[in-house]
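A quick write-up on the structure given underneath.
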Number of protein chains: 2
Amino acid sequence: MKDIETLKSAIRDVPDFPRKGIIFKDITPVLKDGKLFSLAIENMLEPFRDQKIDSVVAIEARGFIFGGAMANILNCGIIPIRKSGKLPSKTHSIDYELEYGTDTLEVHTDAINKGDKILLVDDLLATGGTARGVCKLIEKSGGEIVGISFLIELAFLNGREKLKNYPVHSVLQF
Amino acid sequence: MKDIETLKSAIRDVPDFPRKGIIFKDITPVLKDGKLFSLAIENMLEPFRDQKIDSVVAIEARGFIFGGAMANILNCGIIPIRKSGKLPSKTHSIDYELEYGTDTLEVHTDAINKGDKILLVDDLLATGGTARGVCKLIEKSGGEIVGISFLIELAFLNGREKLKNYPVHSVLQF
């Protein structure tokens with residue numbers, strides 16, 4: 001519990017980023033401290049340690065940092081979800097809602113096998129729009145979502161509601 | 001040695017990506033296989049295991065996947081190098097040459113302390129322009145580069161020449 005408070009107090013608020021009125025939760029002070037980074041990873045993994053996981057799916061770009069470490073600890077592979085045009089081979093894609101307009105995310109069509117048990121990883125749960133889009137992409141590929149793990153949850157945005165069909169875990173709530 | 005051949009044969013050539021005439025080295029078949037991913041990480045770390053490393057510096061976005069796992073194994077922190085406008089706090093930035101035009105990379109000014117021993121990590125060494133730019137950024141921040149580790153080196157592009165002041169390690173050469 002003391003560890004979690006230490007982790008939480010290391011998250012830096014940056015006002016007016018990426019635009020006026022937004023307070024951005026900056027995780028780089030956690031990343032750069034080996035002890036805090038390890039603590040973040042261990043706590044993100046905690047509820048899923050005893051479950052069968054075939055692959056970690058991680059969302060570009062900050063999700064890759066956590067996903068790489070978590071997949072390595074779980075001795076499983078990592079499947080990157082990327083912005084449109086970044087993956088070189090054939091992809092499934094999905095448009096998802098942003099605050100203004102939409103964006104597209106992609107996964108290779110051969111990345112996930114039917115029935116694969118998937119742990120989805122990202123740094124932050126805000127409105128849940130991105131994660132929900134990625135869940136659809138995983139299911140379109142035939143994967144089964146074991147759970148979704150975030151370092152940070154902005155609880156006041158109620159993103160969990162969009163993900164209510166899945167086990168959602170977050171380490172730090174704001 | 002047999003392991004390295006297995007790893008090498010898993011890299012997929014994608015012709016005409018991102019544009020006509022380029023054969024893209026697709027690492028996603030390595031990433032999605034837990035054994036191959038672990039083998040890649042262990043071999044990228046190998047020459048630096050017994051050296052003092054304060055931080056892994058990783059380049060957006062594929063470098064984050066390897067960097068996260070490597071930092072976690074080394075029990076050190078990870079410092080992200082990002083495209084312009086992605087890092088929320090005060091940054092050092094550097095323009096570097098691409099085949100056509102230039103691009104900008106940034107690091108937080110408070111990410112690296114004077115004298116920090118840095119292991120730089122990315123997935124691929126091509127012309128070396130990006131890595132050389134990042135080395136300048138690390139040195140501008142006061143860091144000392146212990147080494148640079150890549151999964152893949154496109155040896156025919158002679159990127160090592162641009163990085164001749166640093167210990168450069170690559171696991172797979174093409």
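The values are calculated or read from the model by the stated rules, or taken from the named source; none is laboratory data. This one's a predicted model, so the numbers in the text were calculated from it and none came from an experiment. Glycine gets a Cβ as well: all are built from the backbone with ideal geometry, and neighbour counts include every protein chain shown. SASA here: full protein model, heavy atoms, side chains in, ligands and nucleic acids out. Shrake-Rupley method; radii C 1.70, N 1.55, O 1.52, S 1.80 Å.
Being within 8 Å of chain B (Cβ to nearest Cβ) and hydrophobic (A, V, I, L, M, F, W, C) is the filter here; which residues of the range A:18-35 pass it?
Matches in the range A:18-35: A:Phe24, A:Leu31.
Considering each residue of the range B:26-55, count those that are of a type in the set (D, E, K, R), in contact (Cβ under 8 Å) with a residue 24 or more places away in the chain and crowded, with 19+ Cβ neighbours inside 10 Å, and give that number.
Residues flagged as of a type in the set (D, E, K, R), in contact (Cβ under 8 Å) with a residue 24 or more places away in the chain and crowded, with 19+ Cβ neighbours inside 10 Å within the range B:26-55 amount to 1.
Please count how many residues of the range B:87-116 are within 11 Å of chain A (Cβ to nearest Cβ), among the charged types (D, E, K, R) and touching a strand residue (DSSP E or B) at 6+ places or on another chain (Cβ under 9 Å).
Looking only at that region, the number is 2.
Tally up the residues in the range A:69-90 that are farther than 20 Å from B:Ala40 by Cα and in contact with a Ser or Thr (Cβ under 6 Å, 6 or more places away or on another chain), please.
2
Of the residues that sit in the range B:87-114 and are under 19 Å from A:Asp16 (Cα atoms) and among the hydroxyl-bearing types (Ser, Thr, Tyr), which one is surrounded by the most Cβ atoms within 10 Å (Cβ to Cβ)?
Among those residues, the one meeting the criterion is B:Thr91.
Which pairs have Cβ atoms under 8 Å, sit 6 or more apart or on different chains, and link a residue in the range A:125-150 that is surrounded by fewer than 24 Cβ atoms within 10 Å (Cβ to Cβ) to one that is among the basic types (Lys, Arg) and not in a strand (DSSP E or B)?
A:Thr127/A:Lys162; A:Gly128/A:Arg160; A:Gly128/A:Lys162; A:Gly129/A:Lys162; A:Arg132/A:Lys162; A:Gly142/A:Lys114; A:Val146/A:Lys52
From the residues in the range A:56-66 that are surrounded by 24 or more Cβ atoms within 10 Å (Cβ to Cβ) and facing chain B (nearest Cβ under 7 Å), which one is farthest from the chain's Cα centre (by Cα)?
The selected residue is A:Ile65.
Tell me which residues, restricted to the range A:1-45, are assigned to a helix (DSSP H, G or I), touching a strand residue (DSSP E or B) at 6+ places or on another chain (Cβ under 7 Å) and within 30 Å of A:Tyr100 (Cα to Cα).
Residues satisfying the conditions are A:Lys8, A:Thr28, A:Pro29, A:Leu31, A:Met44.
Kindly check whether there is at least one residue in the range B:77-86 that is in contact (Cβ under 8 Å) with a residue 24 or more places away in the chain, assigned to a loop (DSSP other than H, G, I, E, B) and either within 12 Å of another protein chain (Cβ to nearest Cβ) or open to solvent by less than 40 Å² (accessible area, probe 1.4 Å) (or both).
yes
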